[in-house]
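The values are calculated or read from the model by the stated rules, or taken from the named source; none is laboratory data. Just so it is clear, the structure is predicted and the values come from calculations on it, not from any experiment. So basically every Cβ, Gly included, is an ideal-geometry build from the backbone, and we count neighbours across all protein chains shown.
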Amino acid sequence: MEERPGQAPSAAEAQPSRRRLRLPRGLGALPISVWILLFFILPFGLVVWYSFGYKPGIYMTHANDVLSLDRYGEAASPAFFAIFVRTLKIAVTGTVLCLVIAFPMAYWMAVKLAPKWRGVVLALVLIPYWTNFLVRTIGWQISLSPTGFVSKLLQWANLTDGPLHVLYTSAAVQLGVVYNYLPLMILPLYVALERLDPKLLEASRDLGGTAWDTLCRITIPLSAPGVTAGMVLVFVPLMGDYITPTVLGGASGSMVGQMVAAQFQSAQNWALGAAMAVLLMMAIFGTSVVVGGVLKVLGRIVTATTSLKLPAKEPS
């Protein structure tokens, strides 16, 4: 197009041509892909390789002349299965207790509490994580001892006749894991509930919905991502917890993590320890899939059975 004398160029012609930098498709996923490869796939592959009988540093099989699946047969022993069932029970119970305790607390923080105080309360929730995991667990070991604070408090309140003997039991482990992992459930629930639009809750009340209807039809479905994230953050590390049962459980409260650690450390049977670790990870994955499916079905049932029945408005 010719430019006539005295006519200003258009805005499109005045701007210099710029070329957009086109990156190859999928390049944005490269960092996370490298991270998963280096810190998940490669370590897990090494553990699987060790479970066949290989021990690093000696370039030969450990306690066997050939690589085999024999260690998986040893790992599936009745003793391992009994401790695995106890671990699964503690992990599932601990996850459910964390969810039951964390949901009302996170709801109060995100919906009921004044915004200016939310940061303060959130900091109080995170205070335990300012200290070491082991130190916090040892604190509970002291408190739950027969001469500890909890025992003296119960005796002072006449709730027990003598010293409390709960230390080195499964109950002590259960209490310890709930305390240690509760913040990991509160944080994702708080984030999910904070994004909840207050107008939706108000609309539910205006349309005749009860508090239970609002909870089941609006609050819980919209907070489902936080519930799922919290359950994963609690259940997965809890299944492999080593410190809490060692400090609080003793022999009667042992978990799978202790058995795996014992094979790598004291027994020096890396193949058996790796086989136990592989079976544990497979069990965690399978349990997560089953629980996720059950929760999805239960969510549909609750939604179907608690549908809002709106009253007909009388003409004014």
Given (1) part of a helix (DSSP H, G or I); (2) in contact (Cβ under 8 Å) with a residue 40 or more places away in the chain; (3) not aromatic (Phe, Trp, Tyr), Leu196 misses just (1)
So which of Pro5, Pro56 is over 30 Å from Phe264 (Cβ atoms) and either at pLDDT 75 or above or out of contact with any strand residue (DSSP E or B) (no Cβ under 7 Å at 6 or more places or on another chain) (or both)?
Pro5
Would you check if there is a residue in segment 170-186 being within 27 Å of Lys116 (Cβ to Cβ), β-branched (Val, Ile, Thr), within 14 Å of the chain's Cα centre (by Cα) and surrounded by 16 or more Cβ atoms within 10 Å (Cβ to Cβ)?
yes
Quick one: in segment 149-165, which of the residues that are part of a loop (DSSP other than H, G, I, E, B) and out of contact with any Pro (no Cβ under 9 Å at 6 or more places or on another chain) is surrounded by the most Cβ atoms within 10 Å (Cβ to Cβ)?
Thr160
Quick check on this structure: which one of Val294, Val290, Val278 is of a type in the set (A, V, I, L, M, F, W, C), part of a helix (DSSP H, G or I) and at pLDDT 90 or above?
Val278
For Thr246: the one exception among (1) surrounded by 15 or more Cβ atoms within 10 Å (Cβ to Cβ); (2) of a type outside the set (Gly, Ala, Ser); (3) touching a residue at least 24 places away in the same chain (Cβ under 8 Å); (4) within 27 Å of Phe40 (Cα to Cα)
(3)
Go through the residues of segment 117-131 one by one and say whether even a single one is of a type in the set (Val, Ile, Thr), in contact (Cβ under 8 Å) with a residue 24 or more places away in the chain, assigned to a helix (DSSP H, G or I) and over 30 Å from Trp49 (Cβ atoms).
yes
Given (1) in contact (Cβ under 8 Å) with a residue 12 or more places away in the chain; (2) more than 19 Å from Ile83 (Cα to Cα), number of the condition Lys296 does not satisfy
(1)
For segment 139-148, name all the residues that are exposed (fewer than 14 other Cβ atoms within 10 Å of the Cβ) and under 30 Å from the mean Cα position of the chain (by Cα).
Ile142
